[in-house]
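Since every read-out is calculated from the coordinates, none of them should be taken as a lab result. What you see is a predicted model, and the numbers here were worked out from it, not measured in a lab. Cβ placement follows ideal geometry from the backbone for every residue including glycine, while neighbour counts extend to all protein chains displayed.
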């Protein structure tokens, strides 16, 4: 049953990732809470998982004209060094602190998304 559930969760989070909803975050939450996996291992699986979900999403978004290639360039130039520094910092942190920091990040992103959705809602 766990394999079927894992497959369903993987498919659902993959589809959400491709739509830009944050399926990777949901996958990490599933792996740490439901499966009991350590944060570092769940993050590593999420990165490997992203490598398989990103190319089809990129192809689809490119065909629809939704990719701003100049923005991609800036993200790559800034993202690679930031990822290396972040990995080095995360590797030196105690697991409990890393989990709490991840939780704070999720709360912050959630609040920002709620604020953004309220601002873009049209009045009746």
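Below, the figures for the structure above:
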| item | result |
| --- | --- |
| Exclusive hit being in contact with a helix residue (DSSP H, G or I) (Cβ under 6 Å, 6 or more places away or on another chain) and surrounded by 14 or more Cβ atoms within 10 Å (Cβ to Cβ), set 25, 32 | 32 |
| Wholly within region 23-124, helices (runs of 4 or more DSSP H) carrying at least 1 residues that are more than 19 Å from residue 13 (Cα to Cα), under 17 Å from the mean Cα position of the chain (by Cα) and touching a residue at least 60 places away in the same chain (Cβ under 8 Å) | 95-120 |
| Failed item in (1) farther than 20 Å from residue 105 by Cα; (2) assigned to a loop (DSSP other than H, G, I, E, B), with residue 4 passing the rest | (2) |
